[in-house]
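> Structure below; questions to follow.
The values are calculated or read from the model by the stated rules, or taken from the named source; none is laboratory data. Please read these numbers as outputs of a predicted model, since none were measured by experiment. Note: ideal-geometry Cβ built from the backbone for every residue, glycine included; neighbour counts use all protein chains shown. Accessible surface is based on the protein model in full, side chains and every heavy atom, while ligands, DNA and RNA are left aside. Shrake-Rupley method; radii C 1.70, N 1.55, O 1.52, S 1.80 Å.
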Amino acid sequence: MATTEGSSSSTQNLIRVEDLWFPDHNLVLQAGNRLFRVSGGLLAARSPVFRDMLSIPQPESQHTIDGCPVVVLHDSPVDAEYFVRAIFDSGFFERPPSPTSFPIVAGVLRLSTKYDVEYLQHRALLHLSVSLPRNLDEFDSMPAHPFNLPNCEYALLKLVNELGVTWALPMCMYFAACFPVEAILDGIAFDENSSSSSSDSSSSSSSGSHSHSPPTTPSSTSTTPKQPTSHLPPPLRRTLLIARSSLSLSQTHTILRSLRVLPADRCVTPAQCTLKARHAHDAFTGIKTVNPLGVMVPSIWRTIEPLLCAECYPVSRKEYVQARGRVWEELPAVFGLGGWESLRRETGAEV
């Protein structure tokens, strides 16, 4: 977690983070090669973990820098900087709708949970909740990717799974399961330290996560510099692969059924409507994309509408809306997570 022992790193390789190095403060935090000089009293007031640790008398031989004791954090230097900045810079990490990015939320959430800084943990969970849809209306209005950051889906899933944020798991698992099988097995190209503001989505696609762009998968033949790859642990891969099969069946037999219920009882051109609906159904059945909640985006329905008579279109559309609602309600169970009701209660308790 954190120690007050001396660091084995050569001091010449250590970097003082200038705007988090306060000359009148009395404690140095070290994460990797980054140093932060901060107030031990303020840190103890924010974190019971640090309060308990700093209350323990330290030996005279304790490592110091500029006369300040050094506490070594065994955490990612990037996460540690976000965390320290969130504590000592009041404007850095505010509640939504203030802008932030996925790497910042991830770093703050991870370390605020570890060091029991409740107000920061709550703030990070709020940012998480506004980036993950909790109903179909929110699903339809969200940007193409959570936090408007392509390929962050695996890193996001690993984060909420690691920290036990169970109310966020169904949507995180859904987004991850929509990737191709090879991406689930081999990983996707993603650098968690890249940033994109979650509040900048107004200038990006608003077509909803149902329009996920194809993932970037690792390639040994690429001439561009190799990107870091985000991999999923084997238990999650297994869960996603099993769930992906269920989602594929839901897409074919539940969602696309809306094109198989025609003609309507009062259809005036039954042969024509049946044929057009069948052609549309066959086209969708042939695609490899698995995304039952978003496979038939609004633009698709605008294309279908003039193909059907005034009786058949609303019947087909109504069946689709009802089918989509059923898929949504069954989503947690697909991943072995129970039902939405218990997850909603947990959401209310946390955010």
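> With the crude spin-label approximation of a point 7 Å out along Cα→Cβ, what separation in nm comes out for residue 278 versus residue 138?
Distance between the two pseudo-spin positions: 4.2 nm.
> Sticking with this structure for a sec: Between 110, 51, 134, which gets the highest mean-square fluctuation from a Gaussian network model of the chain, Cα cutoff 10 Å?
Among 110, 51, 134, the largest GNM mean-square fluctuation belongs to 51.
> Once Lys and Arg get +1 and Asp and Glu get -1 on their Cβ, which of 121, 268, 161 lies farthest toward the positive end of the dipole of the chain?
Of the candidates, 268 comes out farthest on the positive side.
> Okay, moving on. So if I take the centroid of the Cα atoms in the stretch 224-269 and the same for the stretch 125-154, what is the distance between those two points in Å?
When both Cα centres are located, 18 Å separates them.
> Could you tell me the center-to-center distance, by alpha carbons, between the stretch 270-288 and the stretch 65-111 in angstrom?
Cα centroid of the stretch 270-288 versus Cα centroid of the stretch 65-111: 53 Å apart.
> So, one more: Please list, in chain and number order, the residues 5+ apart from residue 35 or on another chain whose amide H is under 5 Å from its amide H, with Hs placed from the backbone.
15, 16, 17
> Listed highest first by mean packing, meaning other Cβ atoms within 10 Å per residue, what order do 324-331, 308-315 come in?
308-315, 324-331
> Okay, next question. Once you've got the GNM for the chain with C-alpha springs shorter than 10 Å, pick whichever of 179, 190, 88 has the biggest mean-square fluctuation.
Highest fluctuation among the options: 88.
> If I ignore ligands, DNA and RNA and count only protein heavy atoms, how much of residue 141 is accessible to a 1.4 Å probe, in Å² to the nearest 10?
Spelled out: residue 141, probe radius 1.4 Å, area about 80 Å².
> Return the FRET efficiency for the residue pair residue 182, residue 326: r is the Cβ-Cβ distance, R0 is 35 Å, and the value is rounded to the nearest 0.05.
E between residue 182 and residue 326, to the nearest 0.05, is 0.75.
> Sticking with the crude label model, points 7 Å out along Cα→Cβ, report the distance from residue 253 to residue 162 in nm, one decimal please.
3.8 nm
> Counting alpha carbon pairs within less than 8 Å and at least 6 residues apart, what relative contact order, in whole percent, applies to the chain?
It rounds to 14 percent for the chain.
> Students sometimes get this wrong: rank 145, 122, 279 by accessible area, probe 1.4 Å, all chains present, largest first.
So the residues, ranked largest to smallest area, are 279, 122, 145.
> Accessible area, 1.4 Å probe, largest first: how do 344, 238, 34 sort?
Correct descending sequence by accessible area is 238, 344, 34.
> Return the sequence-ordered ³J(HN,Hα) values of the stretch 161-173 in whole Hz as given by the Karplus equation 6.51 cos²θ - 1.76 cosθ + 1.60 applied to θ = phi - 60°, using x for Gly and Pro.
With coefficients 6.51, -1.76 and 1.60, one gets 5, 4, 8, x, 8, 5, 5, 8, 5, x, 6, 4, 5 Hz.
> Determine the calculated [θ] at 222 nm for the chain from helices alone, applying -39500 (n - 2.57) to every DSSP H run no shorter than 4 residues and normalising by the residue count; nearest 500 deg cm²/dmol.
-14000 deg cm²/dmol
> What FRET efficiency comes out for residue 98 versus residue 26 if R0 is 35 angstrom and r is the Cβ-Cβ distance? Round to the nearest 0.05.
Efficiency for this residue pair is about 0.70.
> Follow-up question, since we're still on this one. Packing-wise, with mean Cβ within 10 Å as the measure, how do 289-298, 22-31, 56-65 rank, highest first?
289-298, 22-31, 56-65
> Can you give the extra length, in nm with one decimal, that the chain gains between residue 285 and residue 19 once fully stretched, where that is 0.36 nm per residue apart less the Cα-Cα distance?
Full extension from residue 285 to residue 19 adds 90.1 nm.
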